[in-house]
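J.: Encoded as C-alpha cells, here's the structure I'll be asking about.
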Amino acid sequence: MKKARIAVLVSGGGTNLQALIDAEKNGKIPSGTLSVVIASKPGVYALERADQAGIPALAVSRKASGSQAAFEQQLLDILESYRIDMIVLAGFLSILSKDFTDRYPQRIINIHPSLIPAFCGAGYYGLKVHEAALSYGVKVTGATVHYVNEVPDGGQILLQKAVEILPGDTPQVLQRRVMEQAEWILLPQAAEMVAAKIIGKEEHA
Ligand code: GRF
C-alpha cells in the first residue's frame, strides 16, 4: 500500500512536529510517512527535531526570499522534488496565498490553538491566542485542526478538542495545557485521517 508523503512546515520550537514524529514511530500514522520538514527561517529547534528523527529538513527564509511569491515558489519546488502528497502546518507562521493553497486542495491542514471561530484569524498566533482567551474570560478553550485555504484559519474544520481554563492560568500555562491535552493529540489524528483519504482515493481511482 502506497503511503501518503507528508511535508511538515514549521517556524518555531516544533513541539507539534515532535508529536507527529512520535505518533509515526508508535504506528499511529500508518497511511502516511513524514518525508520532509521545511522551516520558514533557519536555526529553529524544529529543524533539530527533524534531524534527530532522520527526516530531511530544510529552511527557506521568508525574509531572505524578498516576496511572498518567491518564498512560496521555493516551497513548491521543494514539495515537488520530495513528491509530497499532503502538507501539515505545525506552528508555521506564514500565511499562504490562494495560488499556493489551490495547488493542494484539501491536502493542507493546520493546527490552531483555539476552538475556531473563537480567537482566530489574522494576528491570532502563539501566546496571543491564549492572552485573548484569558482576557475575554472564557472558561473553555482548546485546539482545532482545519483544512487550509487562503483565509487565515478559514478552511473546513476537521477536528476539535476542548481544554478547561483554570483559575490563575497564565498564557504560558494555558498554552502548555492546550498543547499537551489537545494539539499534540489532534494533529497526528488529523494527519492520519487525511493520509488515509488520499491513498484510499488513489486505490479506488
Ligand atoms: C504554538 O503556539 C502552537 O499552539 C501553535 O504554534 C505554536 C508553536 O508550536 N500551533 P510548535 O511548538 O512550534 O509546534
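J.: Report the gain in length on full extension from T170 to A69: 0.36 nm times residue separation, minus Cα-Cα distance, nm rounded to one decimal. Each step should come with its number before you reach the end.
T.: Numbers: separation 101, 0.36 × 101 = 36.36 nm, distance 3.76 nm.
Length gained between T170 and A69: 32.6 nm.
J.: Only bridges whose two residues both fall in the chain count here: according to DSSP, what percent of them are antiparallel, nearest 5?
T.: Values: 11 of 28 bridges.
Approximately 40 percent, going by the DSSP bridge assignments.
J.: Hey, another quick one. When ligands, DNA and RNA are left out and all protein chains stay put, how many square angstrom of accessible area per residue does the chain have with a 1.4 Å probe? List each step's numbers first, then the result.
T.: Values: 9640 Å² over 205 residues.
Each residue of the chain exposes 47 Å² on average to a 1.4 Å probe.
J.: Among the listed pairs K128/K161; K25/K63; K161/K197; K139/K161, which have their C-alpha atoms separated by more than 24 angstrom in this model? It would help to have the intermediate numbers written out before the result.
T.: Numbers: K128/K161 19 Å; K25/K63 34 Å; K161/K197 21 Å; K139/K161 14 Å.
Checking Cα-Cα distances, K25/K63 exceed 24 Å.
J.: Each residue of the stretch 23-40 in order: what ³J(HN,Hα) in whole Hz does its phi give by Karplus 6.51 cos²θ - 1.76 cosθ + 1.60, θ = phi - 60°, with x for Gly and Pro?
T.: Each residue of the stretch 23-40 in turn: 5, 5, 4, 8, x, 8, 10, x, 8, x, 9, 5, 10, 7, 10, 10, 9, 7 Hz.
J.: Sort largest first and round to whole Å: the equivalent ellipsoid semi-axes of the chain, each the square root of five times a Cα gyration tensor eigenvalue.
T.: On the way: eigenvalues 138, 75, 56 Å².
In descending order the semi-axes read 26, 19, 17 Å.
J.: Also: Modelling each spin label as a point 7 Å along the Cα-to-Cβ direction, I'd like the K98/K139 distance in nm, to one decimal.
T.: 4.2
J.: In addition: Ratio of the stretch 1-118's C-alpha Rg to 2.2 N^0.38 Å, to two decimals?
T.: Expressed relative to 2.2 N^0.38 Å, the Cα Rg reads 1.02.
J.: With labels modelled as points extended 7 Å from the Cα through the Cβ direction, what inter-label distance (nm, one decimal) is found for Y45 paired with E80?
T.: 3.6
J.: Next question, about the same structure. With charges only on Cβ, +1 for K and R and -1 for D and E, what is the dipole size of the chain about its Cα centre, in debye, rounded to 20?
T.: Numbers: 20 positive and 20 negative charges, 19 e Å.
Dipole magnitude for the chain comes out near 100 debye.
J.: Additional query: What's log10 of I(q)/I(0) for the stretch 67-124 at q = 0.12, 0.21 Å⁻¹, Debye sum over Cα points only, no solvent?
T.: These q points yield log10 I(q)/I(0) values of -0.32, -0.92.
J.: I've got another one for you. Given an 8 Å cut-off on Cα distances and at least 6 residues of separation, report the relative contact order of the stretch 142-205 as a percent. Present the calculation step by step, with values, prior to reporting the outcome.
T.: Numbers: 58 pairs, mean separation 20.1, N = 64.
Value for the stretch 142-205: 31 percent.
J.: Over all distinct alpha-carbon pairs, what is the Kirkwood Rh of the stretch 110-194 in angstrom? If you can, show how the numbers build up before the last one.
T.: Working: mean 1/r = 0.0788 Å⁻¹.
For the stretch 110-194, the Kirkwood estimate is 12.7 Å.
J.: Keeping all protein chains in position, work out how much accessible area L115 exposes to a 1.4 Å probe, and write it in Å² to the nearest 10.
T.: 50
J.: Let me ask something else. Please report the carbon-and-sulfur percent of the accessible area for the chain; probe 1.4 Å, protein heavy atoms only, DNA, RNA and ligands left out.
T.: 54
J.: A further question on this structure: How large is the translational diffusion coefficient of the stretch 1-48 in µm² per second when you combine the Kirkwood radius over alpha carbon pairs with Stokes-Einstein at 10 °C and 1.306 mPa s?
T.: On the way: Rh = 11.2 Å.
My calculation gives 142 µm²/s for D.
The values are calculated or read from the model by the stated rules, or taken from the named source; none is laboratory data. The model shown is predicted, which means the values in this text are computed figures rather than measured ones. Methodologically, a virtual Cβ is constructed for each residue, glycine included, from the backbone with ideal geometry; neighbour enumeration extends over all protein chains shown. Side chains included, ligands, DNA and RNA excluded: accessible areas come from the protein's heavy atoms. Shrake-Rupley method; radii C 1.70, N 1.55, O 1.52, S 1.80 Å.
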